[in-house]
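Chemist: For reference, the structure I am asking about is given below.
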Amino acid sequence: MSYADWIVLILTLAAIIVYGVFKSRTTKNLDGYFLSNREMPWYIVLFSIMGTQASAITFLSAPGQAYTDGMRFVQYYFGLPLAMIVLCVTFVPIFHKYRLYTAYEFLERRFDVKTRTLTSFLFLLQRGLSTGISIYAPAIILSSLLGWNIYWTNIFMGGLLIIYTVAGGARAVAYTQQLQLIIIFTSMFIAGYLVVKYLPEDIGFFDALKVGGAMGKVNIITTGMSENGFDWRDRYNLWSGIIGGFFLALSYFGTDQSQVGRYLTAKSVKESRLGLLMNGLVKVPMQFFILLLGILVFAFYQFHNAPLFFNQTQVDKISQTRYADSLKNIQEHYNLVDLQKKEIVRSFAATGNVDFSEGNKIQLININKQRDSLRVEFKKLVEKPEIKGDSNDTNYIFLRFVLDYLPKGLIGLLIAVIFISSWGSIAAALNSLASSTIVDIHKQFVNKKMSAGDDFKMSRLYTLLWGVFCIVVAQFAYNIGDSLIEAVNILGSLFYGVILGVFLLAFYCKPVKGNAVFWAAVLGEISVISLFVLNEHKIIDLGFLWLNAIGALLVVMLGFILQFLVFRKKSFS
Amino acid sequence: WNGWYITVIVVLVVQIILFIYFTKYFS
């Protein structure tokens with residue numbers, strides 16, 4: 001990083017913090033601190049929902065995902081617009097009607113205290129841990145590529161945002177998210193423009209897509225069908241996207257306080273609904289364009305030298321071991337194949353026509369397969385027991401391109417984008433962790449009669465404590481191993497389905513009461529964790545995305561069975 | 001609000017159809 005980059009990075013981050021503190025003036029009670037006095041218009045709600053969902057990994061991982069696996073990841077979001085509709089019809093009017101602070105408060109009205117406490121505890125456990133991991137995930141990437149100390153990177157990634165989050169609560173979070181998204185989208189657009197500009201002279205935007213398409217990267221719609229019927233392990237296809245994505249989005253936006261807390265700040269049901277529906281309209285195109293950026297980077301690397309592995313730290317590490325000769329062989333072979341690929345692609349480009357014939361496509365796909373198999377060989381070296389490195393470089397691809405090719409100043413801006421996109425989701429998480437702790441736990445079991453001023457002070461203290469807790473989790477997250485995003489998603493899948501099941505019973509199944517729901521949730525949670533353990537030990541074969549749907553349906557079924565077989569007399573006596 | 005909900009569903013379906021064409025055109 002040059003001086004110009006450092007100046008841009010520091011100024012951007014300082015601007016966000018100052019703006020957040022400037023917007024911190026709020027009334028000193030729970031309504032002001034957690035709900036911005038319920039005065040937000042729909043467009044602030046929309047920015048806040050989007051800023052909470054999009055973390056650094058969204059902007060780092062998605063282009064890398066498109067580079068390695070193509071664009072089919074966009075299907076993961078197809079269930080989201082449908083979930084927004086269900087939320088608008090059911091969840092939003094009820095949450096507003098009772099003027100709730102947290103989603104779990106409603107469960108006490110509908111069921112009882114123990115159901116409310118169980119679900120808020122599951123939320124705090126899951127969200128506290130996954131926020132810690134989401135601090136570490138971008139920090140380790142920056143640390144590897146820029147040589148920064150990981151502990152200090154964690155502290156800056158998870159610490160600076162605490163200043164405005166503690167000071168201004170939900171209002172500061174919402175306004176900074178608005179500014180953050182404007183900076184993020186502007187930066188990503190400039191990066192995309194420059195990728196196309198750096199392509200050879202005769203190659204334009206559509207030609208770049210044809211290059212990506214010829215190599216099978218423009219696979220937006222896939223059906224998940226293989227020779228043996230539907231592949232339940234295939235993670236991203238039309239059906240897992242619409243069905244699995246629907247349940248995931250419904251539980252995330254409907255029962256996770258970090259999202260519910262965003263649209264509870266709206267000034268009316270109408271403003272909440274408009275914010276959510278607009279999110280349903282713009283989310284799929286937004287992900288499409290981020291993935292498209294990955295395809296453009298892929299096309300760019302077909303005309304330039306693509307690194308064997310995008311995380312250089314791992315390459316350097318292996319060159320210091322007894323596998324250095326193996327690495328040299330792989331690297332030399334890879335360079336030859338890469339050169340061959342460049343010559344073929346450039347020869348098309350020189351004719352000014354990149355309409356690949358079937359023969360050309362087969363040639364390109366074969367070369368790509370050779371490159372991929374060499375990358376797999378290298379990854380096997382990284383996974384050797386004495387190296388124990390990170391063999392997944394998907395999240396490093398886009399940032400490596402930025403660092404290697406973008407001009408000074410812009411590099412600093414894109415590093416800032418990683419920080420502020422992290423801050424947007426972490427700040428919302430801390431705000432919601434604090435609101436659930438004080439409303440669902442502290443005021444229930446510790447001190448029921450607190451003044452508005454005490455509420456405000458305790459809320460700030462809990463926000464600070466959760467901020468420190470998440471940084472501590474981040475400092476220990478290196479024990480998880482390589483796939484951090486997967487760890488966050490799996491952690492979510494273990495708890496989301498069950499919590500969603502409880503809410504579905506609350507809204508749609510009038511006869512089912514508190515005791516039945518509580519034990520259905522406990523048994524459902526044990527079942528979901530058992531399925532996960534069986535899958536880990538290869539006894540069954542199930543993609544984790546399905547755990548959400550299974551958890552929700554299991555709780556609904558168990559709730560009915562327990563209500564009518566076990567708790568029947570109590571309810572009707 | 002039904003008009004809004006139908007709009008969101010129609011936009012999703014149109015997007016999926018466009019994506020199918022996009023996939024076929026470029027691959």
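Chemist: For the pair A:VAL89/A:SER451, report the inter-label distance in nm, with labels modelled 7 Å from Cα in the Cβ direction.
Modeler: Placing both labels 7 Å along Cα→Cβ, they lie 4.8 nm apart.
Chemist: Find the relative contact order for chain A and round it to a whole percent, using C-alpha pairs within less than 8 Å whose residues are 6+ positions apart. Intermediate values should be presented prior to the final figure.
Modeler: Values: 884 pairs, mean separation 177.9, N = 573.
Over chain A, the number comes to 31 percent.
Chemist: What is the Cα radius of gyration of chain A over 2.2 N^0.38 Å, N being its residue count?
Modeler: 1.01
Chemist: Let me ask something additional. At a 1.4 Å probe, what is the % contribution of carbon and sulfur to the accessible area of the protein assembly as shown?
Modeler: On the way: 15350 of 24290 Å².
Carbon and sulfur: 63 percent of the exposed surface of the protein assembly as shown.
Chemist: Please find the FRET efficiency linking A:VAL282 to A:LEU336, where r is the Cβ-Cβ separation and R0 is fixed at 56 Å, and quote it to the nearest 0.05.
Modeler: In this case the efficiency is close to 0.80.
Chemist: To the nearest 500 deg cm²/dmol, what mean residue ellipticity at 222 nm is calculated for chain A from DSSP H runs of n ≥ 4 alone, each contributing -39,500 (n - 2.57), summed and divided by the residues?
Modeler: For chain A, the value works out to -24500 deg cm²/dmol.
Chemist: Using a 10 Å cut-off on Cβ to Cβ distances, tally the other chain neighbours for every residue of A:284-297 and report the average as a whole number.
Modeler: 1
Chemist: Work out the mean other chain Cβ neighbour count within 10 Å for the residues of B:8-17 and drop it here as an integer.
Modeler: The per-residue average across the peptide is 5.
Chemist: In Å, what is the Rg of the alpha-carbon atoms in the range A:1-103, and how long is Dmax?
Modeler: That works out to 18.9, 54 Å for Rg and Dmax.
Chemist: Quick one: buried accessible area between B and A, total over both chains, 1.4 angstrom probe, nearest 100 Å²?
Modeler: 2100
Chemist: Output the peptides A:140-153, A:38-51 sorted from most to least packed, where packing is the average of other Cβ atoms within 10 Å over each peptide's residues. It would help to have the intermediate numbers written out before the result.
Modeler: Details: A:140-153: 17.1, A:38-51: 22.0.
Final packing ranking: A:38-51, A:140-153.
Chemist: While we're looking at this one, here's another question. What does the convex hull of the alpha-carbon atoms of the range A:79-188 project to on average, in nm²?
Modeler: With the hull built on Cα positions only, its mean projection is 9.9 nm².
Chemist: So how long is each side of the range A:176-225 along the principal axes, counting just the alpha-carbon atoms, biggest first, in Å?
Modeler: Here the spans come out as 42, 38, 11 Å, largest first.
Chemist: May I pose another question? Apply the membrane-span-like helix rule to chain A: whole DSSP H runs, Cα extent along the own long axis of at least 27 Å, mean Kyte-Doolittle hydropathy at least 1.6. List the helices found. Write out the running numbers ahead of the final one.
Modeler: On the way: long enough: A:3-22 (28 Å, 2.10); A:113-146 (49 Å, 1.03); A:150-197 (42 Å, 1.23); A:269-303 (52 Å, 1.27); A:324-350 (38 Å, -0.49); A:358-382 (36 Å, -0.71); A:410-436 (39 Å, 1.76); A:452-476 (36 Å, 0.86); A:484-508 (35 Å, 1.97); A:514-536 (33 Å, 1.34); A:546-565 (28 Å, 2.13).
Helices passing the filter in chain A: A:3-22, A:410-436, A:484-508, A:546-565.
Chemist: Here's a follow-up. Can you list which of the trypsin sites (Lys or Arg not before Pro) found in the range A:249-346 are DSSP loop residues with at most 12 other C-beta atoms within 10 Å?
Modeler: Working: sites: A:ARG262, A:LYS267, A:LYS270, A:ARG273, A:LYS283, A:LYS317, A:ARG322, A:LYS328, A:LYS341, A:LYS342, A:ARG346; in loops: A:LYS267, A:ARG322.
Answer in residue order: A:ARG322.
The values are calculated or read from the model by the stated rules, or taken from the named source; none is laboratory data. The model shown is predicted, which means the values in this text are computed figures rather than measured ones. Positions of Cβ are backbone-derived with ideal geometry, glycine not excepted, and every protein chain shown enters the neighbour counts. With ligands, DNA and RNA removed, areas are computed over all heavy atoms of the protein, side chains included. Shrake-Rupley method; radii C 1.70, N 1.55, O 1.52, S 1.80 Å.
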